[in-house]
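Just so it is clear, none of the values below were taken in a lab; they were calculated from the coordinates. Just so it is clear, the model here is predicted, and its values are computed rather than measured. As a convention, Cβ positions derive from the backbone with ideal geometry for all residues, glycine included, and neighbour counts pool all protein chains shown.
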């Protein structure tokens with residue numbers, strides 16, 4: 001987990017730096033940088049499935065330990081800090097994902113109850129601001145009050161929402177919101193999400209102006225929509241929000257801003273982030289291999305390590321309830337400092353006993369093995385036998 005957080009932080013820092021470097025470029029490029037970083041953060045956990053240390057090394061020695069527990073022992077295992085933090089993370093992630101699901105369900109309900117308009121894919125609905133919803137089949141929803149809008153204002157709203165559809169912004173938002181749910185505790189995730197949403201709207205505004213819409217008229221349309229809009233938990237791409245309206249209107253009237261992005265620039269930006277994601281993904285395993293000290297086997301002048309101090313693992317409540325007995329086999333490296341590390345489960349029992357055995361062995365202290373009188377790292381297997389008494 002610490003290595004994964006380092007990787008995610010590096011990815012987010014790189015994206016933040018890229019957005020700053022692209023401040024004079026187009027909003028579409030900055031939006032792409034944010035989207036690549038947030039979506040890429042969801043792929044980084046996959047890199048942990050291929051750690052560099054998973055190279056098969058023979059197990060030269062076996063250390064056996066017996067852990068017993070009486071039926072009168074405590075009925076609740078004490079929580080570790082790791083368990084507490086994981087519980088907090090799961091709670092925060094679950095709440096945000098639930099909010100995301102509710103938003104999509106409300107959007108589906110709004111689309112199902114909407115009244116078709118004369119234009120294909122456009123509907124009138126009980127909402128306050130124009131919005132596009134639906135991942136597989138996008139639908140543009142206009143407020144019922146838009147029936148009284150002038151034609152140019154309706155045209156501005158539809159053009160804006162169709163720009164979101166062309167740019168696949170609904171999918172970008174889904175990936176970004178999912179990333180924020182997973183990394184809800186990481187401030188850079190929320191900073192990038194805010195940048196993504198701001199640049200997303202700016203990119204659509206640029207597309208409208210590039211299509212020939214008058215900037216002043218478009219700014220007036222945004223103001224008219226914003227006056228009657230109220231926030232709702234409805235997932236989609238709305239035409240306006242109260243957060244960045246002033247900066248959007250100021251930007252519309254700035255003729256010095258670049259508003260078009262070539263396909264080549266978009267491809268180069270996506271390629272750079274793909275390479276950066278790959279580099280960050282393999283960084284941990286490569287670094288681990290480079291820094292790994294030689295691991296010896298017993299024999300040929302290498303002495304076996306000896307247990308100096310041992311902590312017995314605890315029975316879990318679940319294992320005690322099942323009256324579970326048996327052996328957990330661990331593969332470990334006993335370092336030159338006499339500490340066990342690189343602990344892997346070779347044969348487990350489940351019901352929390354595997355983690356209990358690994359946690360206990362991590363606290364053991366050894367007299368390290370030696371080669372030519374010098375302490376060295378030795379690969380060993382440790383059997384932890386659980387017996388319920």
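Exposure proxy shown here: for 171, 149, the number of other Cβ atoms within 10 Å sets the order, fewest to most, as 171, 149.
Sorting 374, 122 from the fewest to the most surrounding beta carbons within 10 angstrom yields 374, 122.
A simple spin-label model places the labels of residue 254 and residue 148 3.6 nm from each other, with each point 7 Å out along Cα-to-Cβ.
If R0 is 22 Å, the Cβ-Cβ spacing of residue 5 and residue 309 corresponds to a FRET efficiency of close to 0.10. Model label sites at residue 346 and residue 265, defined 7 Å from Cα along the beta-carbon direction, differ in position by 5.8 nm. Helix 81-112 and the longest principal axis of the C-alpha atoms of the chain enclose an angle of approximately 30°.
The simple spin-label model puts a point 7 Å past each Cα toward its Cβ; for residue 20 and residue 113 those points are separated by 4.7 nm. Between the helical axis of 27-41 and the dominant principal axis of the chain, each derived from Cα atoms, what acute angle in degrees is found, rounded to the nearest 10? Taking the Cα atoms of the chain, the angle to 27-41 is about 30 degrees. Beyond 35 Å, what share of the Cα-Cα pairs of the chain is found? Please give it as a whole percent. Tail of P(r) above 35 Å: 47 percent of Cα pairs. For the pair residue 120 and residue 372, the difference between a 0.36 nm per residue extended length and the Cα-Cα distance amounts to 82.5 nm.
Net length available on complete extension from residue 282 to residue 388 is 33.8 nm, with 0.36 nm assigned per residue and the Cα-Cα distance removed. Peptides 194-202, 158-166 ordered by packing proxy, namely the average of other Cβ atoms within 10 Å per residue, highest first: 194-202, 158-166. Taking other Cβ atoms within 10 Å as a rough exposure proxy, 7, 168 sort from fewest to most as 168, 7.
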